[in-house]
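All of the numbers you see were taken from the coordinates with simple rules; none came from a lab. Not measured: the values here are computed from a predicted model. Glycine gets a Cβ as well: all are built from the backbone with ideal geometry, and neighbour counts include every protein chain shown.
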Amino acid sequence: MELKLQNEAGVVNVSDKVFAAKFNEPLIHQAVTTYLTSGRLGSKAQKTRSQVSGGGKKPWRQKGTGRARAGTSRSPLWRGGGITFAAKPKDYTQKLNKKMYRGAVCSIISELVRQERLVVVEQFSISTPKTKELLAQLKTLNLQDVLIVTDKNDDNLYLAARNLYRVAVCEASVIDPVSLVGAEKLLVTVPALKQLEERFA
């Protein structure tokens, strides 16, 4: 298929497999859920009676005191003791096959193309890391809420965009389904477009 360049004459030929895939909502949902859960730390942790410090000495002798026998002061029954069923760090990572992941991303990108939310330009860069300069360039393209996808790291773009709430910059090599789903529009350079095609085709 062909994608027209924004504000420029010409078109770019791209793969139908990546930019004209069928919309698969359940697969997209699974990919987004997997990506988000994989980012969870699961750092909750409690100590059992064997991990709590202290309690090495028997509090009192076994017989003759009239009190219940006790072998350690770190029993879960005691104040300052361990937890009976202590929580341990949990791994929330879900597995998603590479083919399914690629299919989900292609489905999202294709839907953006169908809804005319994918904007393609030959090049997109700024000379200085100034937010004002970035906004001026986006205004010429009539863009506000946008994810800018580049083929390589651009410090000027990143520094200029980090102060804008609805503008983000991402490299084509590390783009993820959550970023794609959250973007109102996608601004992609031609080199980045080719990278996406090679990565997900």
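Counting other C-beta atoms within 10 Å, which of L187, L27, L96, L41 has the fewest, and how do the rest follow? It would help to have the intermediate numbers written out before the result.
Details: L187 23, L27 20, L96 17, L41 9.
Exposure proxy ranking, most exposed first: L41, L96, L27, L187.
I need I83, I108, I126 ordered by Cβ neighbour count within 10 Å, fewest first. Don't skip to the end; give the middle numbers.
Working: I83 13, I108 25, I126 18.
The most exposed by this proxy come first: I83, I126, I108.
If one takes the longest principal axis of the Cα atoms in the chain, at what angle in degrees, from 0 to 90 and to the nearest 10, does the Cα axis of helix 131-140 lie?
Rounded to the nearest ten degrees, it is 50.
Tell me the angle of helix 98-114 to the major Cα principal axis of the chain, expressed in degrees between 0 and 90 and rounded to the nearest ten.
40 degrees
What does the charge dipole of the range 45-88 about its Cα centre add up to, to the nearest 20 debye, if the Cβ of each Lys and Arg holds +1 and the Cβ of each Asp and Glu holds -1? Don't skip to the answer; put the middle values down first.
Values: 11 positive and 0 negative charges, 37 e Å.
Taking the Cα centre of the range 45-88 as origin, the dipole is about 180 debye.
Of Q62, S75, V167, which is farthest along the charge dipole of the chain in the positive direction, counting Lys and Arg as +1 and Asp and Glu as -1 at C-beta?
Result: Q62, furthest along the dipole toward the positive end.
Arranged by the count of other C-beta atoms within 10 angstrom, fewest first, what order do D154, D176 take? Spell out each step's value before the answer.
Details: D154 19, D176 15.
Neighbour counts put them in this order, fewest first: D176, D154.
Hey, any idea what Rg/Rh is for the chain, computing Rh the Kirkwood way over Cα pairs? Intermediate values should be presented prior to the final figure.
Working: Rg = 27.6 Å, Rh = 20.8 Å.
Taking Rh as the inverse mean 1/r over Cα pairs, Rg/Rh reads 1.33.
Karplus couplings for the range 72-89 from phi (6.51 cos²θ - 1.76 cosθ + 1.60, θ = phi - 60°), rounded to Hz, Gly and Pro as x?
Per residue, the Karplus-derived 3J(HN,Hα) values read 8, 8, 10, 5, x, 6, 9, 5, x, x, x, 8, 4, 10, 5, 6, 10, x Hz.
Can you work out the Karplus-derived ³J(HN,Hα) for every residue in the range 157-167? Use 6.51 cos²θ - 1.76 cosθ + 1.60 with θ = phi - 60°, whole Hz, and x for glycine or proline.
5, 4, 5, 6, 8, 5, 8, 9, 5, 10, 10
Do the sum for the chain: with -39,500 (n - 2.57) for every DSSP H run of n ≥ 4, divided by all residues, what is the mean residue ellipticity at 222 nm, to the nearest 500 deg cm²/dmol?
Values: 7 runs with 69 residues, N = 201.
Only helices count here, giving -10000 deg cm²/dmol.
Per the Kirkwood formula on distinct C-alpha pairs, the Rh of the range 45-88 is how many angstrom?
Numbers: mean 1/r = 0.0900 Å⁻¹.
About 11.1 Å, per the Kirkwood formula over Cα pairs.
I want to verify a result. In a Gaussian network model of the chain, Cα cutoff 10 Å, which of these has the top mean-square fluctuation: P177, P89, P191?
Between P177, P89, P191, it is P89 that shows the largest mean-square fluctuation.
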